[in-house]
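Shown next, in structure tokens, is the structure this report addresses.
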Amino acid sequence: MRKEDYFTELNKESKIAEWKEILSRYYSKKRNFKFDIINSALLIIDMQEYFLNPKSHAFLPAARTIIEPIKKIQDFFKKNNRPNFFIQYGLDPELDKNNIMNKWWNDSLSIIDPLYKISPEFEVDKENIIVKNTYDAFSGTNLANILAKSGSTSIMITGVATHLCCETTARNAFNLNFEVFLPIDCIATYTEELHLNSLKAASHGFGIPITSNEILGGKNK
């Protein structure tokens, strides 16, 4: 599938404004959800060399533009002593031989691939890494228990890919009774169409669209 460089440093402000207007048609203003850092946790999903390195066949061009706003949000969570977790995707060549991901993707990411590592552009605490072998960050992991122990009732989902791992995790988080916030300039995927369609569905039924500036300002405008 072709990949678009649809979100860049040059067009990001206009795209954010455009997406906000579109998503406002799907997200009801009657819903009384407000971002509050006090009870929130941050998930940084699959920001690995596999998706961020231009030399990788799985490189997502638009993902480069979300790095800096994610880092700012991560710093914001750290300063407020709120948990932030890196979600790291990869398949074990021995244990995951029959994983459906291998059947769906002919070249699914292996944990022994050098591109498996989280991008060095991020500050990573190894204790805050959750390893998964499918789209959903909750499936087969202890993430839900960790979030419960941290007193988190809402989660902020960032990373890649919007319509796959981010959306799947967001749907499951909603089913687990979390308020789900989706910063639209901190999530990326293959094409703008996939990105927007995923956010439209989320905004209508399970995810609160927000921007990094609104998060850093401490309010949901």
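Every number in this text was worked out from the coordinates using simple rules, so none of it is lab data. Note that this is a predicted model, so its numbers are computed, not measured. Glycine also receives a Cβ, built like all others from the backbone with ideal geometry; neighbour counts cover every protein chain displayed.
Computed with the Debye formula from one identical point scatterer per Cα of the chain, without solvent, the log10 of I(q)/I(0) at q = 0.14, 0.18 Å⁻¹ comes to -0.82, -1.42.
How high is the FRET efficiency from Asn106 to Asn32, r the C-beta distance, R0 45 Å, rounded to 0.05? According to the calculation, E is roughly 0.50.
The length gained on full extension between Asp75 and Glu21, counted as 0.36 nm times the residue separation minus their Cα-Cα distance, comes to 16.7 nm. With the cut-off at under 17 Å, measuring from each backbone N in the stretch 49-70 to a point 7 Å along the Cα-to-Cβ line of Ile129 picks out 49-53. The loop-placed GluC sites (Glu not before Pro) in the stretch 69-149, going by DSSP, that have at most 15 neighbouring Cβ atoms within 10 Å of their Cβ come out as Glu94, Glu121, Glu123. Normalised by the number of residues in the stretch 34-216, the mean separation of alpha-carbon contacts (under 8 Å, six or more apart) gives a relative contact order of 27 percent. From the convex hull of the Cα coordinates of the stretch 1-88, what is the mean projected area in square nanometres? That works out to 7.6 nm².
Computed from the C-beta positions of Glu94 and His204, the FRET efficiency with R₀ = 35 Å rounds to 0.30.
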